[in-house]
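The values are calculated or read from the model by the stated rules, or taken from the named source; none is laboratory data. Because the structure is a prediction, the values reported are computed rather than measured. Neighbour counts run over all protein chains shown; Cβ positions are idealised from the backbone, glycine included.
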C-alpha cells in the first residue's frame, strides 16, 4: 500500500485563562493565569486504492518550556514557532510525497524540519515539536485508512518502524519486545505540585479562592481524587526546595504508599549545588527520599549532555536515578545521556511518537543487558481532546502506567471545547469523562483514569474535531501577536 498526503490545514483553539495560577522552574518566576493556545492540524491522506481519510494532531504552544533562552519575549517565540510549523507544512507537501510507510515518510521529512529549525536558530526541542505534529496526524490518517488502532498498527508492524536504522544496537528487537502486548487502558494520575501551588487551606486565604466547586489545594486534591502519585517541582534554590519538600511530605498519603518524582525543569545551574541538594534531602527527609522514584532534568539542557559531568552524575545516580526531559532534543539525546549516567528519559508526544518508540527500544536493549533504564510519562498541560487522547494512546503502547496528568487542575475541565466536541466526548468516552454541574471533567477515581474507549481505529481520537470552532492559525497569530 502506498499513501499520498493531499492537504494540510492548521488551526488554533484558544482556551480560557487558567482557573488558578501556575509556577514552575526557578525561584522568582511569578505564578500566572495564562491561556493555553492549542495548535491543531488536519491532514488528508489518500491510499493507492483511492481511499481518503483525515488525520489530526494537536499540542499546546509551550514556548516557555521549549525555549528558555533569556532575552526572547513570548510573542517572538510564538511567532518563530508558528513560522517553523508552516515550514514543516511546506516540507510535508513538497516534492514527491508518495510513501510506502509512515516511518519512511517521517525519516524523509524529519531531518529537513530539523535543518529548518537550525537555519532559524531554534532549539532542537522546538524543531522536534514542529515535526511531531505532522508525524502524528499522518499516523492517525494511516491508521484510520487501515481501520485499526495505533496499538494494532505498531504490534502488527504496519508502520514500517525499524529502530535499528537510528540505533543499530537494537537490531535484534521486534515490536513484541518493547511494546505492551495489550494496550494499557488504566493509568495512575501523577499530580504535579507547582512551586506556588497552595498545599493547605492556610496557604490560600478566602479572598484568594476561586470558589468554583473544585479543589484548590494539594490536600483537597488528595482527598477529592484519591491521589497516590505526585510530581514535585524544584526551584533551583536548595534551601527553599528542602523546606518545601518537608512541608509536602507531611501532607502526602504515605500510609497508602505515595509514589514521588521530582522535576527541576533545568533550574539547578551548578552541578555541585544539585549534588548537595540530593545529599541533604536524603539526610533530612529520609522517608520522602525512600519514596522518590527519580529526579527529572535537574540541569540546563546544554550542561546535561556535557561528558565532563559524568563522574558527578554517576555518583548522584547511585542514590537516585536521573531522567532527561528538556535535554531530549535530538534522536540520539537519550543514548548520549545514558552514557553520561542518566538512566531515564521522558515520553512526550510533543517530542515525537517515533522518537518515543526509539527511546523505548533503547530502554529494552539496556534492560536486556542487565542495565537499569526506564521511560516515564510526562506532560503537564496535555489538554483534551486531541493532545490528551493521543498521549494516552501512546502510553498504552509504551506500557507506562502512571503519568503526569493534571492540566485539568489548572484548567476548568472541558471548558475550552465547543458544545459539538463535548457531545462527541459524552457519547464516545464516558469512561474518561464525567459531568459535574454544567461542565465535563477528567474522571479520576481512586487516583486513576480508565480510557479503554480510546482503543478504536485511528490514533486515540474517535470523532473529527469541531474545526469550525477554531481559528486559522496564521490569522490567530497575526491578531494576537502581530509582527513588529
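Residues are listed down the side, and each one gets a yes or a no for (1) in contact with a strand residue (DSSP E or B) (Cβ under 8 Å, 6 or more places away or on another chain); (2) in the same structural domain as residue 398 (by TED's automatic domain parsing):
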{"site": "139", "(1), (2)": "yes, no"}
{"site": "144", "(1), (2)": "yes, no"}
{"site": "164", "(1), (2)": "no, no"}
{"site": "185", "(1), (2)": "yes, yes"}
{"site": "198", "(1), (2)": "no, yes"}
{"site": "204", "(1), (2)": "no, yes"}
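Scanning segment 303-326 for residues that are part of a loop (DSSP other than H, G, I, E, B), in contact with a helix residue (DSSP H, G or I) (Cβ under 7 Å, 6 or more places away or on another chain) and in contact (Cβ under 8 Å) with a residue 40 or more places away in the chain yields 319, 320, 326. Residue 207 meets all of the listed conditions (1) modelled with pLDDT of 95 or more; (2) not in a loop (DSSP other than H, G, I, E, B) but one, namely (1). Give me the residue from segment 156-173 that is closer than 18 Å to residue 100 by Cα and touching a residue at least 60 places away in the same chain (Cβ under 8 Å) and, out of that set, surrounded by the fewest Cβ atoms within 10 Å (Cβ to Cβ). Among them, the one singled out is 160.
For residue 409, state whether it is out of contact with any strand residue (DSSP E or B) (no Cβ under 6 Å at 6 or more places or on another chain) and not assigned by TED's automatic domain parsing to the domain that holds residue 42. When the stated conditions are applied, residue 409 passes them.
Only residues that are out of contact with any strand residue (DSSP E or B) (no Cβ under 8 Å at 6 or more places or on another chain), part of a loop (DSSP other than H, G, I, E, B), within 23 Å of residue 344 (Cα to Cα) and touching a residue at least 12 places away in the same chain (Cβ under 8 Å) were counted in segment 227-284, giving 7. Being within 20 Å of the chain's Cα centre (by Cα), in contact (Cβ under 8 Å) with a residue 60 or more places away in the chain and more than 29 Å from residue 457 (Cβ to Cβ) is a description that does not apply to residue 106. Picking from residues in segment 189-202 that are at pLDDT below 95 and more than 23 Å from residue 443 (Cα to Cα), the one that is surrounded by the fewest Cβ atoms within 10 Å (Cβ to Cβ) is 196. Does at least one position in segment 182-200 carry a residue that is within 25 Å of the chain's Cα centre (by Cα) and over 22 Å from residue 382 (Cα atoms)? Checking segment 182-200: at least one residue is within 25 Å of the chain's Cα centre (by Cα) and over 22 Å from residue 382 (Cα atoms).
Only one of the numbered conditions (1) in contact with a strand residue (DSSP E or B) (Cβ under 7 Å, 6 or more places away or on another chain); (2) under 17 Å from residue 449 (Cβ atoms); (3) buried (at least 24 other Cβ atoms within 10 Å of the Cβ) is not met by residue 385, and that is (1). Scanning segment 461-484 for residues that are in contact with a strand residue (DSSP E or B) (Cβ under 8 Å, 6 or more places away or on another chain) and part of a loop (DSSP other than H, G, I, E, B) turns up 461, 464, 465, 470. Of all residue pairs spaced 6 or more apart or on separate chains, those with beta-carbon atoms under 9 Å, a first member in segment 289-302 that is in the same structural domain as residue 252 (by TED's automatic domain parsing) and a second member that is at pLDDT below 95 and part of a helix (DSSP H, G or I) are 291/254. For segment 334-349, the set of residues classified as surrounded by 24 or more Cβ atoms within 10 Å (Cβ to Cβ) and more than 17 Å from residue 294 (Cβ to Cβ) consists of 349 only. Here is the figure for segment 94-137: residues that are touching a strand residue (DSSP E or B) at 6+ places or on another chain (Cβ under 6 Å) and either more than 30 Å from residue 455 (Cα to Cα) or assigned to a helix (DSSP H, G or I) (or both) total 4. If you go through segment 408-434 and keep only what is assigned to a helix (DSSP H, G or I) and touching a residue at least 60 places away in the same chain (Cβ under 8 Å), you end up with 409, 410. For segment 64-103, which residues satisfy the criterion of being in contact (Cβ under 8 Å) with a residue 60 or more places away in the chain, more than 27 Å from residue 142 (Cα to Cα) and buried (at least 16 other Cβ atoms within 10 Å of the Cβ)? Of everything in segment 64-103, those that are in contact (Cβ under 8 Å) with a residue 60 or more places away in the chain, more than 27 Å from residue 142 (Cα to Cα) and buried (at least 16 other Cβ atoms within 10 Å of the Cβ) turn out to be 65, 66, 68, 78, 79. Would you check if there is a residue in segment 416-431 being touching a strand residue (DSSP E or B) at 6+ places or on another chain (Cβ under 7 Å) and within 25 Å of residue 256 (Cβ to Cβ)? Scanning segment 416-431, I find at least one residue that is touching a strand residue (DSSP E or B) at 6+ places or on another chain (Cβ under 7 Å) and within 25 Å of residue 256 (Cβ to Cβ), so the answer is yes.
Of the residues making up segment 290-302, those that are in contact with a helix residue (DSSP H, G or I) (Cβ under 8 Å, 6 or more places away or on another chain) and either in a helix (DSSP H, G or I) or within 19 Å of residue 68 (Cα to Cα) (or both) are 291, 297, 298, 299, 301. So for segment 353-372 (the condition being in contact with a helix residue (DSSP H, G or I) (Cβ under 8 Å, 6 or more places away or on another chain), in a loop (DSSP other than H, G, I, E, B), buried (at least 21 other Cβ atoms within 10 Å of the Cβ) and modelled with pLDDT of 95 or more), does at least one residue qualify? No, segment 353-372 contains no residue that is in contact with a helix residue (DSSP H, G or I) (Cβ under 8 Å, 6 or more places away or on another chain), in a loop (DSSP other than H, G, I, E, B), buried (at least 21 other Cβ atoms within 10 Å of the Cβ) and modelled with pLDDT of 95 or more.
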